[in-house]
Amino acid sequence: MLPNPFLDPTLVHGDLYRTGDRLAERTRALRDAKVAGRDATAVITDLLAQRTSPDAMVLDIGCGRGTTTLRIAARLRPRRLVAVDASVALLDIVRTRLAEAGGNGSVVAADFHRLPMPDAVADAAVAAFCLYHSTTPAAVIAEIARCLRPGGSAVLATKSLDSYAELDQLPQLAGIDRDATRRPSLYESFHSANLLDIAGTHLTVLDVLHEDHVFEFADVAHLARYLATTPKYRLDPDCLPDNLAAILRQRLPAPPYLARSTVSYALAERP
Ligand SMILES: C[S@@+](CC[C@H](N)C(=O)[O-])C[C@H]1O[C@@H](n2cnc3c(N)ncnc32)[C@H](O)[C@@H]1O
């Protein structure tokens, strides 16, 4: 079995999130290609809003660049909002974005397997698109449950195992990553099909939502932005970054290139 970069601690705590650039560029490439599927931060915040009052203390675990954090700050205006991530560089971005948006929130650098918070401190917690970086996501769910008060809410979000798999054949076809279709899914440890079971280890799951997202890459330059920032691929270094679009244009069938992903959300509570 080929290795999974999303489960390689050296990469996850190194190159992948050493700055916010790669995450921002990949997120932008996907957002610009999306032709169906709701904005995930809006869905997460709507789910949270069903069960969270303005005097709540809310944790955003694995907050990344803080896109969900900002949305929670603006929409729910919680009494306390703490964004947690292992990447200090990303937390700097979150702090700046929160300050620019006038949102009240703070950041904490921590590993989500050992949250530096007392028991039962939080009314609600979000863990969006991050638990697939753990080989033991149930252990992170246990930590989240420990930090929630009894009856406190959690919103967990992830993607399906087959997300964007249609695109794997393209670098292979172009001869710039011959193993692309043999690599494991980036989401193999925590995905749409095991979300319910893993969340249910330490939380009571109230609802699970699955939503189909569809992506259309209308030109090779756009596809190149996605391929170059997706850690699944080991693209031939000779073609990066400037030559990639030209190589794809020569070697691939004409666009558009289509892909799909199921985005899944669980709403749960601490028993
Ligand atoms: C795809 S980003 C998450 C994006 C963000 N939650 C959002 O919805 O916009 C995954 C994040 O998980 C963080 N992460 C990975 N392993 C972690 C760990 N062991 N502890 C804390 N954060 C971790 C990474 O640093 C990264 O910021």
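The values are calculated or read from the model by the stated rules, or taken from the named source; none is laboratory data. All values reported here derive from a predicted model rather than from experimental measurement. No Cβ is skipped: glycine too gets one built from the backbone with ideal geometry, and neighbour counts run over all protein chains shown. The accessibility values were calculated without ligands, DNA or RNA, using every heavy atom of the protein model including side chains. Shrake-Rupley method; radii C 1.70, N 1.55, O 1.52, S 1.80 Å.
Tabulated values for the structure
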{"quantity": "Three-way shape label, segment 127-248, alpha-carbon gyration tensor, a/c 1.5", "calculated": "prolate"}
{"quantity": "Relative contact order %, segment 1-131, counting alpha carbon pairs below 8 Å whose residues are six or more apart", "calculated": "26"}
{"quantity": "Calculated FRET value between residue 221 and residue 36, using beta carbons and R₀ = 30 Å, to 0.05", "calculated": "0.85"}
{"quantity": "Extension gain, residue 120 back to residue 204 (0.36 nm per residue minus Cα-Cα distance, nm)", "calculated": "28.7 nm"}
{"quantity": "Percent accessible area from carbon and sulfur atoms, the chain, protein chains only, probe 1.4 Å", "calculated": "51"}
{"quantity": "Alpha-carbon centroids, segment 140-178 and segment 230-255: separation in whole Å", "calculated": "24"}
{"quantity": "Charge dipole (the chain, unit charges on Cβ, about Cα centre) - positive-most of 106, 134, 201", "calculated": "106"}
{"quantity": "Among 75-84, 149-158, 240-249, the order from most to least packed when residues are scored by Cβ within 10 Å on average", "calculated": "149-158, 75-84, 240-249"}
{"quantity": "Rounded if a/c under 1.5, otherwise prolate or oblate - segment 13-64, Cα gyration tensor axes", "calculated": "oblate"}
{"quantity": "Choice from 42, 122, 73 showing the highest fluctuation, given a GNM over the chain with Cα pairs closer than 10 Å", "calculated": "42"}
{"quantity": "Computed [θ] at 222 nm, helices only, for the chain once each DSSP H run of length n ≥ 4 contributes -39500 (n - 2.57)", "calculated": "-9000 deg cm²/dmol"}
{"quantity": "P(r) histogram, all alpha-carbon pairs of the chain included - 5 Å bins from 0, percent", "calculated": "1, 6, 13, 17, 19, 16, 12, 8, 5, 3, 1, 0"}
{"quantity": "Cut-off 12 Å between beta-carbons: net charge of the residues surrounding residue 209, Lys and Arg +1, Asp and Glu -1", "calculated": "-3"}
{"quantity": "Radius 10 Å from Cβ of residue 70, net charge of other residues (Lys, Arg +1; Asp, Glu -1)", "calculated": "+2"}
{"quantity": "Relative contact order (%) - segment 135-262, alpha-carbon pairs under 8 angstrom, separation at least six", "calculated": "37"}
{"quantity": "Residues of the chain: accessible area per residue with a 1.4 Å probe, Å²", "calculated": "44"}
{"quantity": "Relative contact order of the chain, defined on C-alpha pairs under 8 angstrom at six or more residues apart (%)", "calculated": "23"}
{"quantity": "Around residue 257: net Lys/Arg minus Asp/Glu count, Cβ-Cβ under 10 Å", "calculated": "-3"}
